[in-house]
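The values are calculated or read from the model by the stated rules, or taken from the named source; none is laboratory data. Please read all numbers here as calculations on a predicted model, not as lab measurements. Neighbour counts are summed over all protein chains in view; Cβ atoms, including those assigned to glycine, are modelled from backbone coordinates with ideal geometry. Calculation scope for accessible area: heavy atoms of the full protein, side chains included, ligands and nucleic acids excluded. Shrake-Rupley method; radii C 1.70, N 1.55, O 1.52, S 1.80 Å.
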Amino acid sequence: MDTSNQTTTPTVLLIDDERMNRLLVGDYLRDSGYAVLEAESSADGLRIFDNARPDIVITDLRMPGGDGNQVVTQLQAIAPDTPVIIISGTASLEEALCTLREGASDFISKPIREMERIKQAIDSAMNKARLDRESRHVQIALKDEIQQQTHELRDLNAQLKQALESTVNALGVIVAQKDPYTAGHSERVARIAMALGHAMCLPQNRIETLRVAGNLHDIGKVSVPGEILNKPGRLTPEEFEQVKIHPETGFEILKDIPFHGPVAEIVLQHHERYDGTGYPRGLKQDAILLEARILSVADIYEALTSDRPYRQALSHEEAMAHIIREAGKTLCPLCACAFTAANRSGVLSAIARNEHSQCM
Ligand SMILES: [Fe+2]
C-alpha cells in the first residue's frame, strides 16, 4: 500500500492568472497545512509541475496564453495519477462537465463562498487517487500471481505428461519381453494409425490418442502364455480363444490410467469388425469408435506385411488389395479410403522404410 501522501505534507500547485485569487486560496491552503506552489499561467504551471511534481494541481480555467483544459490534458498524458481540480468563475455547466470528461477530478465555481469546499475537494481527489493507485497495485500483484500459477500448472502438466509417457513405455517393454514381435509391430501400427488420422484431418489430440492406443493395443497379451504367442504353427481353436481375451485384458490394465483420450476403450475395440464379425462384443459400424476402426486397418496392414512364424509377409500391393477388398465389409470404408490417401502421399512407404515423415 502506498502511504507516501499520508506521511508527508501534501504539495498543491495553484495556477491562476489573478494574483488576488492565488493569495486568497494559497493562504487558506497554507493555513490548512498544505505546501503551496503558485503559477500565473498554464505554461508556468506545467514547468513548475515538471520540476516539483506536486501531489495535486488546482487551476483556473480561463487564463491568457492557454487555459486550464490544456493543463488537464497535458497532465493526463505525463502524470495521470495526479489529481487536477478546476476553479472557474466564468465556465458554463457544459464546460464544467467537459473538464471532468477530460480527466479533471473536481470543478469548483467562483466566487468560492466556503473555502472549506476546496479542502474537501483536495481530500476527496487525493483519496480517490490513492485508491486508484492501490487498486492498480493489487491488479498488478494479481496478474503476477496468475502468471506464476499458470507457469507452475504448465510445469506440473508437463511432468504428469512425462510420467504418463514413461508408464506407457514401461507397459510396452513388458509386452515386448514376452512377445518380441509385438514391440516393433505396435510401434508401426501406431505410426500407420497416426498417418490415417492425418489423412482424415483429425485434430492433434485425437492423433495423439491414436499414437498411445497404437503403442498399447496388444498390451493385454501379457496374460497370454508365451508358448502360444511364440508358437511357430497355426493356433488351435482353444489357443485362439486364449489370444482373443487380450483386448479385454488390455482394457482392464488401462482403464484407470488418466489418458486424455479413450485409449482403454479403443484397445478394447481394436479387434471389432465393421460388419460385426469381430470380438469381444461384436460391435458394428459406428458403434465402434473411429479410432478403433482406424487402428484395425493399421493393425491388419502391419500384420499382413510382416513375416509370422506360420506364414511369409504379403507384399504392400497384396495387403493394399486386401484392405480395399474388405472396405465396407470387415473394415470401415472411410478408414480404408484414408489408407489409400495415406498410401498416395508416400507416408506408408516412409513408415515401411522406418523413416520419419514430416506430418508425423
Ligand atoms: Fe491385437
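The number of residues in segment 293-317 that are touching a residue at least 60 places away in the same chain (Cβ under 8 Å) and open to solvent by less than 60 Å² (accessible area, probe 1.4 Å) comes to 10.
Kindly evaluate residue 203 against the criterion of being within 13 Å of the ligand (Cβ to nearest atom), within 30 Å of residue 347 (Cβ to Cβ) and without any contact (Cβ under 8 Å) to a residue 40 or more places away in the chain. Steps first, answer last, please.
Details: within 13 Å of the ligand (Cβ to nearest atom): no; within 30 Å of residue 347 (Cβ to Cβ): yes; without any contact (Cβ under 8 Å) to a residue 40 or more places away in the chain: yes.
No; evaluated as a whole, the condition is false for this residue.
Tell me, yes or no, whether segment 23-30 has at least one residue that is surrounded by fewer than 17 Cβ atoms within 10 Å (Cβ to Cβ), small (Gly, Ala, Ser) and outside any strand (DSSP E or B). No - not one qualifying residue is present in segment 23-30.
If the condition is being surrounded by 14 or more Cβ atoms within 10 Å (Cβ to Cβ) and either among the hydroxyl-bearing types (Ser, Thr, Tyr) or free of Cβ contacts under 8 Å to residues at least 24 places away in the same chain (or both), then segment 272-284 contributes 274, 276, 279, 281, 283, 284.
Scanning segment 36-55 for residues that are open to solvent by 40 Å² or more (accessible area, probe 1.4 Å) and touching a Lys or Arg at 6+ places or on another chain (Cβ under 9 Å) turns up 38, 40.
Of all residues in segment 325-339, those being in a helix (DSSP H, G or I) and loosely packed, with under 15 Cβ neighbours inside 10 Å number 1. Close contacts from segment 187-198, counting a first residue that is free of Cβ contacts under 8 Å to residues at least 12 places away in the same chain and a second that is in a helix (DSSP H, G or I) and crowded, with 24+ Cβ neighbours inside 10 Å, with Cβ to Cβ under 9 Å and a gap of 6+ residues or different chains, come to none at all.
Criterion first (charged (D, E, K, R) and modelled with pLDDT of 90 or more) does residue 179 satisfy it?
Working: charged (D, E, K, R): yes; modelled with pLDDT of 90 or more: no.
In short, no.
Residues in segment 220-250 that are open to solvent by less than 50 Å² (accessible area, probe 1.4 Å), in a helix (DSSP H, G or I) and within 12 Å of the ligand (Cβ to nearest atom): 220, 221, 229, 243, 246, 247, 249, 250. Of the candidates 266, 257, the single residue that is within 16 Å of the ligand (Cβ to nearest atom) and either open to solvent by 50 Å² or more (accessible area, probe 1.4 Å) or within 33 Å of the chain's Cα centre (by Cα) (or both) is 266.
Please state which one of 117, 133, 113, 101 is more than 22 Å from residue 32 (Cβ to Cβ), open to solvent by 80 Å² or more (accessible area, probe 1.4 Å) and not aromatic (Phe, Trp, Tyr). Outline the logic, then answer.
Values: 117 fails: more than 22 Å from residue 32 (Cβ to Cβ); 133 fails: open to solvent by 80 Å² or more (accessible area, probe 1.4 Å); 113 fails: more than 22 Å from residue 32 (Cβ to Cβ).
None of the others qualify; the one that does is 101.
Looking at (1) in contact with a Gly (Cβ under 8 Å, 6 or more places away or on another chain); (2) within 11 Å of the ligand (Cβ to nearest atom), which one does residue 278 not meet, given that it meets all the others? Failing condition for residue 278: (1).
Taken over segment 175-219, the residue count meeting the criterion of being more than 37 Å from the chain's Cα centre (by Cα), open to solvent by 50 Å² or more (accessible area, probe 1.4 Å) and of a type in the set (Asp, Glu) is 0.
Selection of first residues in segment 38-58 that are under 18 Å from residue 121 (Cβ atoms) and of a type in the set (S, T, N, Q) and of second residues that are buried (at least 22 other Cβ atoms within 10 Å of the Cβ) and modelled with pLDDT of 95 or more, restricted to Cβ pairs under 6 Å at least 6 apart or on distinct chains, gives an empty result.
Apart from one condition, residue 273 fits all of (1) of a type in the set (Lys, Arg); (2) within 14 Å of the ligand (Cβ to nearest atom); (3) modelled with pLDDT under 95; the exception is (3).
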